[in-house]
1. Using a 10 Å cut-off around each Cβ, can you sort ASP86, ASP57, ASP38 from fewest to most neighbouring Cβ atoms?
2. In nanometres, what is the gap between the two model label sites at HIS37 and ARG94, each 7 Å from Cα along Cα-to-Cβ?
3. How far, in nm, would the chain grow between MET1 and VAL170 when pulled straight, counting 0.36 nm per residue and subtracting the alpha carbon separation?
4. What does the charge count near TYR61 come to, summing +1 for each Lys or Arg and -1 for each Asp or Glu among other residues with Cβ under 15 Å from its Cβ?
5. Enumerate the calculated ³J(HN,Hα) couplings along region 120-137 in order (Karplus 6.51 cos²θ - 1.76 cosθ + 1.60, θ = phi - 60°), each rounded to whole Hz, writing x wherever the residue is Gly or Pro.
6. When LEU45, LEU133, LEU101 are ordered from fewest to most other Cβ atoms inside 10 Å of their Cβ, what list results?
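No value in this document is a laboratory result; all are computed from the given coordinates. Being a predicted model, the structure only gives us computed values, none of them experimental. Heads up, the Cβs are rebuilt from the backbone with ideal geometry, glycines too, and the neighbour counts pull from every protein chain shown.
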Amino acid sequence: MTSVLLGFAFALAESGLGLGAFFPGEVAISGLAAGAHDHLALIALGVAVALGATAGDHLGYVVGRLGGTRLRESRLIARLGVARWDKAAELMQRRGFWAVLASRLLPLVRTVMPVVAGAAHLRYPAFAAASVLGALAWSGVWVGAGAGLAASGILGHPWVIAGVLTVGLVAVVVRWLLRHGRSHAGDPTPTPDVEPVATPGTLPCS
């Protein structure tokens with residue numbers, strides 16, 4: 001039961017609370033799946049992860065409906081990345097239902113896509129269908145990946161676990177550095193205006 005609740009919480013936080021912008025929630029979900037003891041536990045975890053993911057999507061959709069397009073200038077979107085918002089908005093304008101569905105597999109876009117869908121007033125039935133289908137696919141991929149690792153016996157080797165953890169840590173650091181670099185690149189330091197200095201025998205410019 002604990003792993004099921006954690007799976008729901010990780011998926012909800014990853015999809016609806018912006019955790020996916022800072023930490024790859026897929027790693028945690030696959031880790032929970034690798035620790036499942038039987039098929040029933042895996043099925044329960046998969047359902048919980050899918051429910052958490054679509055619940056997070058719906059949270060973002062409501063925020064988008066209430067906030068509208070002015071959310072682009074908000075502090076929340078500034079933290080998640082304005083470029084992600086713009087990319088999600090472009091996909092939404094061109095694809096609608098398919099944009100929401102495909103964004104589930106795009107780590108840098110799915111965090112803001114539900115908010116963009118709400119702000120764009122995408123019809124709820126289309127959004128809900130895309131969210132549920134995408135959440136089921138996403139859950140199946142990462143729960144299945146964890147189950148596959150456990151079945152392969154590769155997790156019985158400590159050095160393999162250490163390597164996986166190292167790769168996950170590197171991914172977190174690289175993601176943070178990329179976000180930090182983009183935020184500084186998009187906010188250049190303004191150059192102060194300098195008044196011309198008059199020299200003896202000349203008049204200052206008017």
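1. Details: ASP86 14, ASP57 30, ASP38 8.
So the residues, fewest neighbours to most, are ASP38, ASP86, ASP57.
2. Distance between the two pseudo-spin positions: 4.9 nm.
3. Numbers: separation 169, 0.36 × 169 = 60.84 nm, distance 3.05 nm.
Extra length available between MET1 and VAL170 comes to 57.8 nm.
4. Numbers: positive: ARG65, ARG104, ARG110, ARG123; negative: ASP57.
Charge balance near TYR61 sits at +3.
5. After applying 6.51 cos²θ - 1.76 cosθ + 1.60, I find 7, 6, 4, 3, 4, x, 5, 4, 4, 4, 5, 5, 5, 5, x, 5, 5, 5 Hz.
6. Values: LEU45 25, LEU133 16, LEU101 21.
By the 10 Å Cβ count, ascending, the order reads LEU133, LEU101, LEU45.
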